[in-house]
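What follows is a set of notes on a single structure, which appears directly below.
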Amino acid sequence: MTDNAHAPPLREGAAEVRAHHGPDVDARRGGEAGHGPSHSGWWSRWGAVAALVWSAGAVTLGASWLLGYLANPFDDAGVVSMGAVLNAADPAVGATLVAVLGAAGIVTAVVVTQDPPPHTRWARRAAEAVGWVITGVCALLLVNGWLLMAMGYGLALPILALFLPDILSEYLVAVADPQLVICGYGVAGALIWGLVTLRYRRRLRRTCAHCGRGDDWSAEGERSSRLRTLRVGRAAVVGGALAALVYPATRFAWLFGVGMDMGELPDQALSIGLTLAGAAVVGVLLMTGLVSNWGVRFPRWAVGLVGRRVPVSLAVVPAVVVGTTLVAVGRGVLSLPHLWLDMVGGSYDLLANFVALAAMLPWGAALLVATAAYAVRRRAECDACGLGTAEAAPNGPNGISRAGGTTRSTEVMPR
């Protein structure tokens, strides 16, 4: 902690910050119009390039799948239950969609790099709309539960290898499957295009492209926003934790003979089920970091990192990826009518598995909401525009207290 003797007063707004820091603030923001270059890191220079490269790759992949040069990930109908909704149609549909997304992305990437943006309103709105469509399609249609399975097994691999010697070779075969290719490409597309489109929207709204703050910003409004997002985040974490614990509850119940006869359960299935259940419990614990002090600064058990600031991307990116895949799994299970029919009058084990997988939909949705609230609350003073207040811990003296109020402490969290 350091003393912030020169901190602006609580009610200071964008105009006061501009007067306090001089014209350099507008220069760093890219001017009053919000156009022009913005001093906001490497992404301002390479974001649109990444979107262009991703789009060109999507065209190449789609064409290769259509022409048969590469194995088409959309021809496996067995993964529909894992959220791969495009696999329920003809394989050419998914491949064509990816190619079309890539072609639209190439054009849009060129438009969003224009400085200043196009003068016609329809062109600006169309570019933003296409960017959001690409982001949504990548997240909702290209990502499925195969990615969640690969991540879960990957994290549990060191433990599983102790009991299942062949698990490593089986895992390597699984990660080479075309399903993982399309999932990984979908995640990359959602992240890249989401960030590019968000920055473009901020440019059009004449706000800081890096943090989104505009001329209506005030320190008091920022603290009120942090309090609201903390409340939303806490509610989302509680709801997500309740949904998340359904899966490990059904797996740990096997140890007591509930839902599965231990004598008939293969050792491999038992080891995998219990290990993944443990991973789900760890995921719940990590999710609480989104509303805890240790999600802002590394706790005592983080050897070598104690007290240091947790990078926002270190928490946000993995949480977004996991949340998206959880939603895909839950959506896939709930979207298949025959699973509902099989559940009616079925065994307890069938019902438990169905509920455990379906619960991943609210779990993932809650995780995404909590992550968004965390990202908003973690915004500190912006290096690009100079607006913002010191970063606050959710349960600390610097902004948000345990009672839910705000304080005026002069302590600033080190960045």
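The values are calculated or read from the model by the stated rules, or taken from the named source; none is laboratory data. Keep in mind it's a predicted model, so treat the numbers as computed, not measured. Every residue, glycine among them, receives a Cβ derived from its backbone with ideal geometry; neighbour counts consider all protein chains shown. Just so you know, the surface numbers come from the protein's heavy atoms only, side chains and all, with ligands and any DNA or RNA stripped out. Shrake-Rupley method; radii C 1.70, N 1.55, O 1.52, S 1.80 Å.
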Among R206, R199, R213, which is the only one that is crowded, with 18+ Cβ neighbours inside 10 Å, of a type in the set (K, R) and not in a helix (DSSP H, G or I)?
R213
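Go through the range 111-121 residue by residue and tally those that are open to solvent by less than 80 Å² (accessible area, probe 1.4 Å) and not polar (S, T, N, Q).
Restricting attention to the range 111-121, the residues satisfying the condition of being open to solvent by less than 80 Å² (accessible area, probe 1.4 Å) are 111-114, 116-118, 120.
If we keep only those that are not polar (S, T, N, Q) too, we end up with 111-112, 116-118.
Here the count works out to 5.
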For the range 299-311, give me each residue that is in contact with a Lys or Arg (Cβ under 9 Å, 6 or more places away or on another chain) and open to solvent by less than 40 Å² (accessible area, probe 1.4 Å).
A302, G307, V310
So is V79 open to solvent by 60 Å² or more (accessible area, probe 1.4 Å) and among the aliphatic types (A, V, I, L, M) or not?
no
Suppose we filter the range 221-240 for residues that are in contact with a helix residue (DSSP H, G or I) (Cβ under 9 Å, 6 or more places away or on another chain), more than 21 Å from L286 (Cβ to Cβ) and charged (D, E, K, R); how many remain?
2
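Sort through A92, A50 and tell me the only one that's at pLDDT 85 or above, aliphatic (A, V, I, L, M), surrounded by fewer than 16 Cβ atoms within 10 Å (Cβ to Cβ) and under 28 Å from A328 (Cβ atoms). It would help to see each step written out before you state the result.
On the way: A50 fails: surrounded by fewer than 16 Cβ atoms within 10 Å (Cβ to Cβ).
None of the other options fit; the residue is A92.
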So, in the range 122-132, how many residues would count as being open to solvent by 60 Å² or more (accessible area, probe 1.4 Å), free of Cβ contacts under 8 Å to residues at least 24 places away in the same chain and within 14 Å of A104 (Cβ to Cβ)?
0
